[in-house]
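Before any comments, here is the structure.
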Amino acid sequence: MVVTTPTKRARITELKDLGLSDREVGRRIGVDHKTVGRVYREHRVKHDFYNIPRRCGRPHRLSKADARQATMYLARGHAQDAADVCRQLFPTVSASTVRRALKDEGIHSAVRCKKPALTKKH
């Protein structure tokens, strides 16, 4: 994928403001007409040629705030494991997604060691 430089972006918007079509601007600058339309549409919203957000990959199912909420839910003892968190907080998300978010937050799974009872009563 070719990155459109800020100079090209400025030239695209300048030619579009003069009233040229997307295809004509694309021919003059050497980019696709769809690129011309996208650049012009983004410029009308942001008015900045240098601040270009990168949007690659699939968006996250859980936000960082959701992951922190799940972490606090476990830390306070409201849930035993990721499946409980999933059922109580995020019913539309799978348990493995919640597990992955918890791992990213630094909470890893562990099996509790069995310990002998202190007295016969226990």
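The values are calculated or read from the model by the stated rules, or taken from the named source; none is laboratory data. Quick caveat, the model's predicted, so the values are computed rather than measured. Glycine also receives a Cβ, built like all others from the backbone with ideal geometry; neighbour counts cover every protein chain displayed.
Just a few scattered comments:
- Residue match in segment 60-68 (condition: among the acidic types (Asp, Glu), farther than 17 Å from Val3 by Cα and over 22 Å from the mean Cα position of the chain (by Cα)): no
- The helices (runs of 4 or more DSSP H) found entirely in segment 1-88 that carry 1 or more residues being touching a helix residue (DSSP H, G or I) at 6+ places or on another chain (Cβ under 8 Å) and either of a type in the set (S, T, N, Q) or closer than 30 Å to Val111 by Cβ (or both) are 6-17, 33-46, 64-75.
- Filter result (surrounded by 10 or more Cβ atoms within 10 Å (Cβ to Cβ), over 21 Å from Pro59 (Cβ atoms) and not polar (S, T, N, Q)) within segment 83-122: Ala83, Asp84, Arg87, Ile107
- All positions within segment 38-51 that are without any contact (Cβ under 8 Å) to a residue 24 or more places away in the chain and surrounded by fewer than 16 Cβ atoms within 10 Å (Cβ to Cβ): Arg38, Arg41, Arg44, Val45, Lys46, His47, Asp48, Asn51
- Selection of segment 89-113 for residues being of a type in the set (Ser, Thr, Tyr) and touching a helix residue (DSSP H, G or I) at 6+ places or on another chain (Cβ under 9 Å) yields Ser94, Ser96, Thr97, Ser109.
- Within the option set Arg76, Arg55, being under 17 Å from the mean Cα position of the chain (by Cα), surrounded by fewer than 16 Cβ atoms within 10 Å (Cβ to Cβ) and not assigned by TED's automatic domain parsing to the domain that holds Arg11 holds for one residue only, Arg55.
- Inspection of segment 102-115 identifies at least one residue that is assigned to a loop (DSSP other than H, G, I, E, B) and closer than 11 Å to Ala70 by Cα.
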